[in-house]
Every structure is written in structure tokens, then in C-alpha cells.
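Down below is the structure, laid out as C-alpha cells.
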Amino acid sequence: MLLKRIVNGARTCTGSAIKQQRQHVPRQFLGTRYKSTTHKAAFEFPTVPSCPSPTCACAPTPELPEGFEIDHKTKINGLISNYAQQVLICTGKDDWPSRIEEDNSGDNLAADLRELVGRGGIFSDPFHNISVLNASFPSSIPHRRTELQTTSAYLVPDFKYVPFLPRVSFDSVEALVRGYLLPEKLHAMHDGLSPIHKDRLLRKPAYQSLLFGVRDVEDILVLICGHGGRDQRCGLFGPVLRDEFEARLPELGVEVLTGPVEADEPLDDKVVAALTGAASGRAYSARVGLISHIGGHKFAGNVIVYLPPRMKTADGEAHPLAGHGIWYGRVEPKHVQGIVAETILNGRVIAELFRGGIKQGGEILRL
């Protein structure tokens with residue numbers, strides 16, 4: 001592929017630079033990136049100790065095959081991926097190979113991104129982990145250029161939606177990485193690098209102009225690990241929980257949106273105001289999707305709820321968890337109504353299910 005030739009050429013020129021960079025990184029940061037967080041951020045947020053009992057006729061908890069039990073003994077507070085940003089690639093599929101970069105014989109956006117920001121990539125930064133995931137959301141359709149094959153992606157917790165990434169253009173992939181995914185400020189452990197190496201690892205806003213139609217995310221995102229190609233537990237829990245969220249959200253006043261995002265035109269202020277919640281007299285809107293592996297199969301069902309930064313409460317006040325991503329584990333269908341009521345509507349974290357959280361600025365949260 002063109003991308004691989006370009007990347008391999010860049011590696012030839014920068015291989016010594018990458019080695020130099022890694023020499024300044026403590027060994028513990030070069031291992032797996034899916035591990036518990038090791039620090040507690042100095043942020044407070046409302047909590048409730050347990051999920052309220054449901055009042056609905058919720059679906060039964062899926063039965064799991066022998067050897068695929070759920071771990072109910074390990075303390076899950078803090079057991080989340082330590083990441084600065086997640087890229088949710090809109091594939092329109094409900095499941096993928098165990099290694100998502102192998103989908104479609106390796107011709108996919110996940111593979112392209114991991115060539116650049118994955119371990120060993122020319123923009124790889126162990127202190128700015130970019131988590132590349134597949135999602136079941138469909139991609140937006142470029143109505144003006146229907147002949148183009150494009151892919152859409154959500155960037156969270158930056159809460160950006162990138163509707164059109166041409167599949168034949170390396171420029172668009174590089175623009176996404178350099179314009180939106182790289183950090184605006186480097187970690188202090190990079191102080192020993194040369195100015196040119198530091199510059200290569202920093203975000204360049206000028207690249208943003210190469211991507212058309214990028215907009216703020218105003219919908220609530222409910223993400224459920226449903227990666228059956230990786231583990232049967234998530235493969236069984238994911239679809240059941242998606243159906244349950246799609247049933248319970250409307251009952252509590254949250255509109256569930258399906259289908260591609262209409263993104264040919266930018267959002268105007270009136271549309272943004274309508275999407276920010278009940279203060280405008282309109283119900284909240286949400287998108288519910290399955291995603292690929294996020295770590296912790298044994299804690300299925302795994303759910304991440306991203307609440308947009310401009311979200312308001314029913315009385316028009318700022319939502320306590322606006323701009324947060326809240327990770328839950330051991331979620332069963334009986335918990336869904338409580339998650340919608342407590343976390344999405346009232347802004348309270350359910351302690352017994354809480355794996356961790358992330359703020360819009362990338363700060364990792366624990367109880």
C-alpha cells in the first residue's frame with residue numbers, strides 16, 4: 001500500500017530518532033498500554049454507591065459458556081486503558097477479527113492509523129497513548145461526491161466528529177494524526193529530545209484544514225464492547241446491552257439516533273443549541289454502538305458513556321459530567337435503566353460499576 005511505502009521510508013530516515021526517544025522512556029512505560037491507572041486525579045464528581053433496581057422488564061443476563069465466567073472479585077476502580085484519545089472508526093459492522101487491523105486483508109483505517117501512532121510508528125508517543133478502535137456506527141455519506149469511498153471517525157474525549165476520510169488518500173490519514181491526535185504539549189520526559197524530534201511529535205493545527213466537515217460531537221455516545229471475534233463474553237453481552245440501551249433511553253426522554261450522521265453542511269448555532277439538551281425544550285439525543293476490544297473481557301459487559309461538553313441538565317444547568325467519558329464494567333441488562341437515570345440524566349457515577357473515567361483534557365479519573 002502507498003501508506004506502508006511512505007511510512008517505511010520515513011522509518012528509514014527516523015529510526016535512530018525513535019531509538020533515541022525510547023531511551024528517555026522508563027521501561028515500565030514500554031509495556032502493555034492496557035493496564036490499571038496508577039494515579040488519582042484531583043477531581044470530584046457526584047456518585048451513588050450502587051445501581052438502583054430496575055422498574056422495567058429488562059432482558060435476562062446472557063448465559064456464558066464454561067470457562068468464560070465474569071470476574072466479580074477483582075476491584076475494578078482504576079482498571080481502564082490509560083489513554084489521551086480514542087479514535088472510533090465508523091465501520092458499519094458489529095464484529096471484527098481479533099486484530100482489527102487485519103480486517104479486509106489489512107486495507108482499513110485502523111491499520112493505517114496504527115502504522116503511524118501504534119507502537120513503533122513514526123508518531124508513537126508512550127506518554128500520549130492513542131487508542132484506535134472500531135465501532136459499529138455507519139460512516140457519513142458524501143452526497144456531493146458520491147463516488148468517493150470515505151470513512152468517518154469520532155475523536156473522544158476531544159468530542160470531534162470527522163465525517164470524511166478518503167480511503168485512497170494518505171494525506172487525510174496524516175492530517176488526522178498531525179492535526180487532531182498528537183499532543184499540544186509534550187511530556188517532560190521528552191525534554192532530552194532534539195527540537196526537530198519534539199516538533200515532529202507535536203500537533204499542527206494547520207493540518208486540520210485538509211479535513212472537510214469536522215464538527216463538535218453534541219450527541220451522547222454509549223459505547224459497548226461487543227468484540228466477539230476477540231472474546232465470547234463481550235460478543236454475547238454487547239448486542240444484548242445495545243438493545244437494552246436503545247429500549248431504555250427513549251423511555252427516559254433520550255432520543256436514540258441511528259443511521260449515518262448528515263455532515264455535508266456544518267452545524268449552525270440554532271442546531272447546536274437544539275442538540276445540547278433539555279434546556280432548549282428538546283430531548284437529549286444519543287447514539288449507541290458496539291466497539292472493539294478495550295481491555296477487561298472478564299469484566300463484561302463493558303460500557304463507556306461519553307457526555308458532550310455542552311450538555312445541560314433538565315433545569316438548564318451545566319451537567320456535572322459534561323465532557324467526561326465514564327467507564328463501567330460488569331454491566332448487565334438490569335443495570336441499564338439505572339445508568340441512563342443516574343449517569344446520563346442526573347450526572348452521578350455508579351460506584352459499584354465504575355472502572356474509571358476521563359475528562360476532555362485527558363485527565364484520568366478514579367474514585
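The values are calculated or read from the model by the stated rules, or taken from the named source; none is laboratory data. Everything quoted here is computed from the prediction, not taken from an experiment. In this analysis, Cβ positions are derived from the backbone assuming ideal geometry, glycine residues included, and neighbour counts consider all displayed protein chains. Surface accessibility is based on the protein's heavy atoms, side chains included, excluding ligands, DNA and RNA. Shrake-Rupley method; radii C 1.70, N 1.55, O 1.52, S 1.80 Å.
Only one of (1) touching a residue at least 60 places away in the same chain (Cβ under 8 Å); (2) touching a helix residue (DSSP H, G or I) at 6+ places or on another chain (Cβ under 7 Å); (3) more than 23 Å from Ala57 (Cβ to Cβ) is not met by His335, so which one is it?
Unmet for His335, out of (1) touching a residue at least 60 places away in the same chain (Cβ under 8 Å); (2) touching a helix residue (DSSP H, G or I) at 6+ places or on another chain (Cβ under 7 Å); (3) more than 23 Å from Ala57 (Cβ to Cβ): (3).
Which is under 21 Å from Arg203 (Cα atoms) and not β-branched (Val, Ile, Thr), of Leu148, Leu165?
Being under 21 Å from Arg203 (Cα atoms) and not β-branched (Val, Ile, Thr) holds for just one of Leu148, Leu165, which is Leu165.
Do you know which residues across the range 290-319 are within 13 Å of the chain's Cα centre (by Cα) and aromatic (Phe, Trp, Tyr)?
Tyr306
Out of the residues in the range 272-294 that are out of contact with any Lys or Arg (no Cβ under 8 Å at 6 or more places or on another chain) and modelled with pLDDT of 90 or more, which is nearest to Lys73 (Cα to Cα)?
Looking at residues that are out of contact with any Lys or Arg (no Cβ under 8 Å at 6 or more places or on another chain) and modelled with pLDDT of 90 or more, I get Ile294.
For residues in the range 320-344 being open to solvent by 10 Å² or more (accessible area, probe 1.4 Å) and not basic (Lys, Arg), which is nearest to the chain's Cα centre (by Cα)?
For the range 320-344, the residue satisfying everything is His324.
Could you list, in sequence order, all residues of the range 94-107 that are in contact with a helix residue (DSSP H, G or I) (Cβ under 8 Å, 6 or more places away or on another chain) and either open to solvent by 20 Å² or more (accessible area, probe 1.4 Å) or among the small types (Gly, Ala, Ser) (or both)?
Our first condition is that a residue be in contact with a helix residue (DSSP H, G or I) (Cβ under 8 Å, 6 or more places away or on another chain); within the range 94-107, this holds for 94-97, 100-103.
Passing the criteria: Asp94, Asp95, Pro97, Glu101, Glu102, Asp103.
Is it the case that Leu88 is open to solvent by 30 Å² or more (accessible area, probe 1.4 Å) and closer than 16 Å to Ile294 by Cβ?
No; evaluated as a whole, the condition is false for this residue.
Taking Leu113, is it surrounded by fewer than 21 Cβ atoms within 10 Å (Cβ to Cβ), out of contact with any Lys or Arg (no Cβ under 9 Å at 6 or more places or on another chain), modelled with pLDDT of 95 or more and more than 24 Å from Gln232 (Cα to Cα)?
No: the conditions fail for Leu113.
Please pick out the residue among His143, His197, His190, His227 that is more than 23 Å from Trp96 (Cβ to Cβ), open to solvent by less than 20 Å² (accessible area, probe 1.4 Å) and of a type outside the set (Val, Ile, Thr).
Exactly one of His143, His197, His190, His227 is more than 23 Å from Trp96 (Cβ to Cβ), open to solvent by less than 20 Å² (accessible area, probe 1.4 Å) and of a type outside the set (Val, Ile, Thr), namely His190.
For the range 318-344, enumerate the residues that are among the charged types (D, E, K, R) and farther than 17 Å from Gly238 by Cα. Quick ask: steps written out before the conclusion?
Here is the first cut: in the range 318-344, the residues among the charged types (D, E, K, R) are 330, 332, 334, 342.
Hit for the range 318-344 is Glu342, nothing else.
Could you please give the count of residues in the range 73-124 that are over 18 Å from Pro166 (Cα atoms), among the acidic types (Asp, Glu) and part of a loop (DSSP other than H, G, I, E, B)?
Total meeting the criteria: 2.
Which of the residues belonging to the range 140-189 are under 19 Å from Gln85 (Cβ atoms) and hydroxyl-bearing (Ser, Thr, Tyr)?
Within the range 140-189, Thr151, Ser152, Tyr154, Tyr161, Ser172, Tyr180 qualify.
Restricting to the range 151-173, what's the tally of residues that are open to solvent by 10 Å² or more (accessible area, probe 1.4 Å), farther than 24 Å from His227 by Cβ and either outside any loop (DSSP other than H, G, I, E, B) or touching a residue at least 12 places away in the same chain (Cβ under 8 Å) (or both)?
Number satisfying all stated conditions: 5.
Any residue that is assigned to a strand (DSSP E or B) and either of a type outside the set (Val, Ile, Thr) or more than 29 Å from His324 (Cβ to Cβ) (or both) - is there at least one of those in the range 180-193?
Just the residues of the range 180-193 that are assigned to a strand (DSSP E or B), to begin with: none.
Checked against the condition, which is being assigned to a strand (DSSP E or B) and either of a type outside the set (Val, Ile, Thr) or more than 29 Å from His324 (Cβ to Cβ) (or both), the range 180-193 yields no hits at all.
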